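The values are calculated or read from the model by the stated rules, or taken from the named source; none is laboratory data. Model, not experiment: these values are computed from the prediction. Glycine gets a Cβ as well: all are built from the backbone with ideal geometry, and neighbour counts include every protein chain shown. Heads up: the accessible areas ignore ligands, DNA and RNA and are worked out on the full protein's heavy atoms, side chains in. Shrake-Rupley method; radii C 1.70, N 1.55, O 1.52, S 1.80 Å.
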Amino acid sequence: MTNNKTLLAWVDEKINLVNPDKVMWIDGSEEQLEALRKEAVQTGEMIQLNEELLPGCYLHRTKPNDVARVEDRTFICSRTKENAGPTNNWCDPQEMYKKLYDIARGTYKGRTMYVIPFSMGPIGSPLAKIGVEITDSIYVVLNMAIMTRVGQKVLDVLGESDDWVRGLHAKCDVDPENRYICQFPEDNAIISVNSAYGGNVLLGKKCFALRIASYQGWKEGWMAEHMLILGLENPKGEVHYIAAAFPSACGKTNLAMLIPPEYLKKKGYKVWTVGDDIAWMRIGEDGRLYAINPENGFFGVAPGTNEKSNFNALASTRQGTIFTNVLHNLDNNTVWWEGLSKDLPTNAIDWKGDKWDPTKFNKADKSTYGAHPNSRFTAPAKNCPCISDAFDKGEGVPISAIVFGGRRAKCAPLVYQSKDWVNGVFVGSAMASETTAAAAGAVGVTRRDPMAMLPFCGYNMGDYFQHWLDMGKKLGDKAPKIFNVNWFRTDDEGNFLWPGFGDNIRVLNWIVDRCEGKVDADETPIGYVPKADDIDLTDLEDFDRATLQSILEVNKEVWQKEAAEIEEHYKKFGDKLPHELRDQLEGLKARLASL
Ligand code: OXD
Ligand code: MN
């Protein structure tokens, strides 16, 4: 399939290491993928679902010890510890290669080695990059064939080039004690062992498109970000593109696929999805920032997804989708998860593969759930009813606004605009949110998650902040405007105040109006906050302007506490913290003091 010498030599070397019975190159043909699906069904690795209700859909269960990304076992193996920085686990690359090779050695015995050439981004796009993943899992092959563009065409574009990312995955015994997800940024290499869960083994996604690509972007002058990309169409048919970063499972997929409330839909507002998780952005010939979604599918969190919360995501999963760790409804051979519908299936198998007892279901006790809280769907992007026609465009879409956000019960207002790019970088660097189920570990604890990149930045985060500042200098007055949103303000009983979901478009409209210079704002110590009259509340039931006013509030004491926490957070970065950000913090403190 290829004469690429560096690729053939690497594959040979890995064959010698893992010792497979057979080697199969993935050519991307439907026949080959179909044969693999059949084989996976035969061995029990996947269950074929109801052909009429869910054509081409399958269910897969991982081991109960292997259901989320494992940040404590994820390493950035740069040559020096300083290059990985204070927010990453680090190990010397030579030491880690040895350890991983010892773990992987001979483990493909009795198995097939699949070699998957894949493109992150439309094949041949100037913003795209190529990788090759070796795996011993059909599940990985079939997921990669949804999440990325795979096969012969990728090799044709690669030609003799050495510019490709090497990804080795070995399931081994799925032993959590020997599980490692390792990135080697200076070598363009990734090795993942002893896991079979998507976020750890679909190496195109977090490992390449964020950890390795963020490093490449730093070196090459572009940006790889944990951001959705959406196009907001107004009644005149103009589309403005917004890129938004939120920590895992904070509703990125919901925002990317938003359906406007009836009244705004009738007026002609629409949202088009370009991407729901990752954005690669470069400065275009006209000096603006252009973004592509490097992925080809959605690896979305299933629980909570329903016709009302995210009609478009649900519609995307109705064919050609692989479900992981959801509940299997035996009555009609379909799938279910908490939040899909009110009726609980009565004849079903839970995510662990045991008979599910709906009478024991207790919302407060996750161990009674039928689907794992981090269960997923892997759905082709082309299924999405609101997929943007720019999705496959190699040149990307021009970004008008960058939006940061997180879950903050009391602190950040519903929306505010940073004073300028540098102030926006400060806002992103101080982002914080409650932890969620997408990563293993405690749930419900607040953590600082700069630009939502904490688990995904492949180099020193101090250098990453500097890279953001440098990009701003290059973009000058063509730079996107930077905003922060918070859909999660609560009252004293913990109830969410803002309705969220489709109504978030009311905030996006204000953001676009600000970008266009069409609307005024109030200047506060943290940035520009909307005048309460400028957010359109037409047809919003149970929500009034007084409540809006309350969630636009910037409270002096709360923000002074926040500034003190940011100061603490910044200490980690030592000398690597750009002085511009320290100045920003001092500026904020001074403005708060004089409030
Ligand atoms: C994800 C995440 O997208 O954890 O899966 O961020
Ligand atoms: Mn994500």
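Rundown of residues vs (1) more than 22 Å from Trp498 (Cβ to Cβ); (2) charged (D, E, K, R), yes/no style:
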{"site": "Asp343", "(1), (2)": "yes, yes"}
{"site": "Ala348", "(1), (2)": "yes, no"}
{"site": "Lys363", "(1), (2)": "yes, yes"}
{"site": "Ser367", "(1), (2)": "yes, no"}
{"site": "Lys382", "(1), (2)": "yes, yes"}
{"site": "Gly396", "(1), (2)": "yes, no"}
{"site": "Ile402", "(1), (2)": "no, no"}
{"site": "Lys410", "(1), (2)": "no, yes"}
{"site": "Ala430", "(1), (2)": "no, no"}
For this session: Give the stretch 273-321 a look and list any residue that's more than 16 Å from ligand 2 (Cβ to nearest atom), open to solvent by 10 Å² or more (accessible area, probe 1.4 Å), in a strand (DSSP E or B) and touching a helix residue (DSSP H, G or I) at 6+ places or on another chain (Cβ under 9 Å), or say none.
Result: Arg282, Ile283
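Under the condition of being outside any helix (DSSP H, G or I) and either of a type outside the set (A, V, I, L, M, F, W, C) or within 11 Å of ligand 2 (Cβ to nearest atom) (or both), which residue from the stretch 447-457 is most open to solvent (accessible area, probe 1.4 Å)?
To start, the set of residues in the stretch 447-457 that are outside any helix (DSSP H, G or I) comprises 447-449, 453-457.
Checking which are either of a type outside the set (A, V, I, L, M, F, W, C) or within 11 Å of ligand 2 (Cβ to nearest atom) (or both) leaves us with 447-449, 453, 455-456.
Values: Arg447: 70, Arg448: 36, Asp449: 5, Met453: 0, Pro455: 15, Phe456: 1 Å².
In this case the residue turns out to be Arg447.
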For this session: For Lys366, state whether it is open to solvent by 50 Å² or more (accessible area, probe 1.4 Å), under 24 Å from Ser316 (Cβ atoms) and either within 16 Å of ligand 1 (Cβ to nearest atom) or basic (Lys, Arg) (or both).
Result: no
Exercise. So which residues in the stretch 244-272 are within 14 Å of ligand 2 (Cβ to nearest atom), of a type outside the set (A, V, I, L, M, F, W, C) and over 17 Å from Phe311 (Cα atoms)?
Worked result: Pro247, Ser248
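Anything in the stretch 475-486 that is out of contact with any Lys or Arg (no Cβ under 6 Å at 6 or more places or on another chain) and open to solvent by less than 20 Å² (accessible area, probe 1.4 Å)? List them, or say none.
Within the stretch 475-486, Leu475, Ala479, Pro480, Ile482, Phe483, Asn484, Val485 meet the criteria.
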Exercise. So, of the residues in the stretch 97-111 that are in contact with a helix residue (DSSP H, G or I) (Cβ under 8 Å, 6 or more places away or on another chain) and not in a loop (DSSP other than H, G, I, E, B), which turns out to be nearest to Ala9 (Cα to Cα)?
Worked result: Tyr101
Exercise. Which of the residues spanning the stretch 172-206 are farther than 20 Å from Tyr108 by Cβ, touching a residue at least 24 places away in the same chain (Cβ under 8 Å) and away from ligand 1 (no atom under 14 Å from the Cβ)?
Worked result: Pro176, Gln183, Phe184, Pro185, Glu186, Asp187, Asn188
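Take Ala209 and decide whether it is within 23 Å of Asp536 (Cα to Cα) and within 16 Å of ligand 2 (Cβ to nearest atom).
Values: within 23 Å of Asp536 (Cα to Cα): no; within 16 Å of ligand 2 (Cβ to nearest atom): yes.
Considered against the rule, which asks whether it is within 23 Å of Asp536 (Cα to Cα) and within 16 Å of ligand 2 (Cβ to nearest atom), Ala209 comes out as no.
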Exercise. Which condition number in (1) touching a His at 6+ places or on another chain (Cβ under 8 Å); (2) open to solvent by 10 Å² or more (accessible area, probe 1.4 Å); (3) small (Gly, Ala, Ser) is the one that Gly106 fails?
Worked result: (1)
Exercise. So, in the stretch 327-360, of the ones that are open to solvent by 30 Å² or more (accessible area, probe 1.4 Å) and under 19 Å from Ser309 (Cβ atoms), which residue ends up farthest from ligand 2 (Cβ to nearest atom)?
Worked result: Asp343
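Conditions tested, residue by residue: (1) more than 24 Å from Ala452 (Cβ to Cβ); (2) surrounded by 19 or more Cβ atoms within 10 Å (Cβ to Cβ); (3) within 16 Å of ligand 1 (Cβ to nearest atom).
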{"site": "Tyr241", "(1), (2), (3)": "no, yes, no"}
{"site": "Phe246", "(1), (2), (3)": "no, yes, yes"}
{"site": "Leu255", "(1), (2), (3)": "no, yes, yes"}
{"site": "Leu258", "(1), (2), (3)": "no, yes, no"}
{"site": "Lys265", "(1), (2), (3)": "yes, no, no"}
For this session: Kindly list, by first and then second residue, each pair from a residue in the stretch 549-576 that is under 21 Å from Thr490 (Cα atoms) and part of a loop (DSSP other than H, G, I, E, B) to a residue that is open to solvent by 80 Å² or more (accessible area, probe 1.4 Å) and at pLDDT below 95, limited to pairs with Cβ atoms under 9 Å and residues at least 6 apart or on different chains.
Result: Val554/Leu595; Asn555/Lys410
Exercise. Between a first residue in the stretch 265-286 that is in contact (Cβ under 8 Å) with a residue 40 or more places away in the chain and over 17 Å from Lys393 (Cα atoms) and a second residue that is more than 16 Å from ligand 1 (Cβ to nearest atom) and acidic (Asp, Glu), which pairs have beta carbons less than 6 Å apart while being 6 or more apart in sequence or on different chains?
Worked result: Lys270/Glu233
Problem set entry | Residues that are closer than 24 Å to Gly251 by Cβ, among the polar types (S, T, N, Q) and open to solvent by 20 Å² or more (accessible area, probe 1.4 Å), drawn from the stretch 498-549 | Asn509, Thr538, Thr547, Gln549
Exercise. Do any residues in the stretch 136-147 that are on the phi < 0 side of the Ramachandran plot have Cβ atoms under 6 Å from those of residues that are open to solvent by 10 Å² or more (accessible area, probe 1.4 Å) and in a helix (DSSP H, G or I), where the two are at least six apart or on different chains, and which pairs are they?
Worked result: Ala145/Leu33
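Can you list the strands (runs of 3 or more DSSP E) lying wholly within the stretch 114-214 that have 1 or more residues being farther than 22 Å from Leu59 by Cα, of a type in the set (Lys, Arg) and open to solvent by 10 Å² or more (accessible area, probe 1.4 Å)?
Working: elements: 129-135, 164-170, 180-184, 189-193.
Here the list reads 129-135, 164-170.
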Problem set entry | Subset of the stretch 28-82 that is within 25 Å of Lys352 (Cα to Cα) and of a type in the set (Asp, Glu) - its residue that is nearest to ligand 1 (Cβ to nearest atom) | Glu71
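Would you kindly identify the strands (runs of 3 or more DSSP E) lying entirely within the stretch 11-84 that contain at least 3 residues that are open to solvent by less than 30 Å² (accessible area, probe 1.4 Å) and touching a residue at least 60 places away in the same chain (Cβ under 8 Å)? It would help to see each step written out before you state the result.
Working: elements: 22-25, 58-60, 74-76.
Once the strands (runs of 3 or more DSSP E) in the stretch 11-84 are filtered for at least 3 residues that are open to solvent by less than 30 Å² (accessible area, probe 1.4 Å) and touching a residue at least 60 places away in the same chain (Cβ under 8 Å), what remains is 58-60.
Rundown of residues vs (1) under 24 Å from Thr62 (Cα atoms); (2) touching a strand residue (DSSP E or B) at 6+ places or on another chain (Cβ under 9 Å), yes/no style:
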| position | (1), (2) |
| --- | --- |
| Asn4 | no, yes |
| Leu17 | no, yes |
| Ile26 | yes, yes |
| Glu30 | no, no |
| Glu34 | yes, no |
Problem set entry | Unique residue being in a strand (DSSP E or B) and assigned by TED's automatic domain parsing to the domain that holds Ile283 when the list is Tyr241, Tyr263 | Tyr241
Exercise. Looking at this structure, is Lys419 at pLDDT 95 or above, in the same structural domain as Glu580 (by TED's automatic domain parsing), open to solvent by 10 Å² or more (accessible area, probe 1.4 Å) and closer than 26 Å to Lys518 by Cβ?
Worked result: yes
For this session: Return a yes/no flag: does the stretch 307-324 have any residue that is within 25 Å of Val485 (Cα to Cα) and of a type in the set (Asp, Glu).
Result: yes
